[in-house]
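J.: Let me begin by handing over the structure; questions about it come next.
Each value in this text was obtained by applying a stated rule to the coordinates, not by laboratory testing. What you see is a predicted model; the values in this text were computed from it and never measured. Neighbour counts run over all protein chains shown; Cβ positions are idealised from the backbone, glycine included.
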Amino acid sequence: MGTSIRQLVFDVGGGLPKKREFKAIQIGGPSGGVLPPSLLDMPMDYETLAEAGSMMGTGGVVVMDERTCVVDVARYFLDFLKDESCGKCSTCREGIRRMLEIMTRITRGQGMMADLDRLESLAKVVQSASLCGLGKTAANPVLSTLHYFREEYEQHIREGFCPAGVCRTLSRFRIVETCPGCGLCVKACPEDAITGGKKQVHVIDQEKCLRCGACREACNLDKIEVIPPQALAMTIKPTITAATSVAAGRSR
């Protein structure tokens, strides 16, 4: 008791793999709150964690890097808690399902800014009116991510973009021009969607790409970036327009 999050993650746990940045930590199991880097030096005990929007709970810890989408994390745990609810009280039974529906829409690019206030209001009702501990803590992943990572929710809704590259509808992968052409991403792709010769810049066929992220995980040099779907459309459109103009000129 009293050990700081920083000590647990970086001293005991050895830090994050591949020198990635610490983004968040969830403490206490599926109902635990998700806490940001600004709380790294916070001591872990019952009272302090509760004040921060998390809990000691099971004592389980999930450490997340910059490739984790906290919006999807909250959605994932709601999906788990939905099946764990006994269904006795309607606030837990129906409240978790309604929150999950909203979260799912947001991760699919169908969310609205009004959903954020609706989520927060619904989560507080579930938290205060549920009968057992599961219902009273089920809103923690939602409320904590809304509080500490609201900007990421807004990116999903306003920009139609998942910066972590997790929500498939809201992200595309692109290989940067400094790619050395090692071929690791080609081997990792389950759909053969990446082409390019040895020591040449590789290219992702967006029509074939599943956006699973396997190529990005395989790339040791971080040469695969996440971009909004609309940004990719903007880079393709001029090429198509130019080709169309040439074809039209030839026909005349």
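J.: Taking a threshold of 30 Å on the Cα-Cα distance, which of the pairs LYS82/LYS223; LYS18/LYS82; LYS18/LYS136; LYS23/LYS82 fall above it?
T.: LYS82/LYS223; LYS18/LYS82; LYS18/LYS136
J.: As an exercise, use a Förster radius of 25 Å and the Cβ-Cβ distance of ALA114 and THR169 to find the FRET efficiency, rounded to the nearest 0.05.
T.: The computed FRET efficiency comes out at 0.80.
J.: Which residue, ALA123, ALA193, ALA74, has the most motion in a Gaussian network model of the chain that connects Cα atoms within less than 10 Å?
T.: Checking each option, the largest mean-square fluctuation is seen for ALA193.
J.: Right, another one. Going by alpha carbons, how many degrees (0 to 90, nearest 10) lie between the helix axis of 90-107 and the longest principal axis of the chain?
T.: In the chain, helix 90-107 runs at an angle near 20 degrees to the longest axis.
J.: Let me ask another. Calculate the length of the line joining the C-alpha centroid of region 1-38 to that of region 101-175, in whole Å.
T.: Comparing the Cα centres of region 1-38 and region 101-175, I get a distance of 21 Å.
J.: In addition: What is the spread of the Cα atoms of region 1-131 along each of their three principal axes, largest first, in whole Å?
T.: 43, 33, 24
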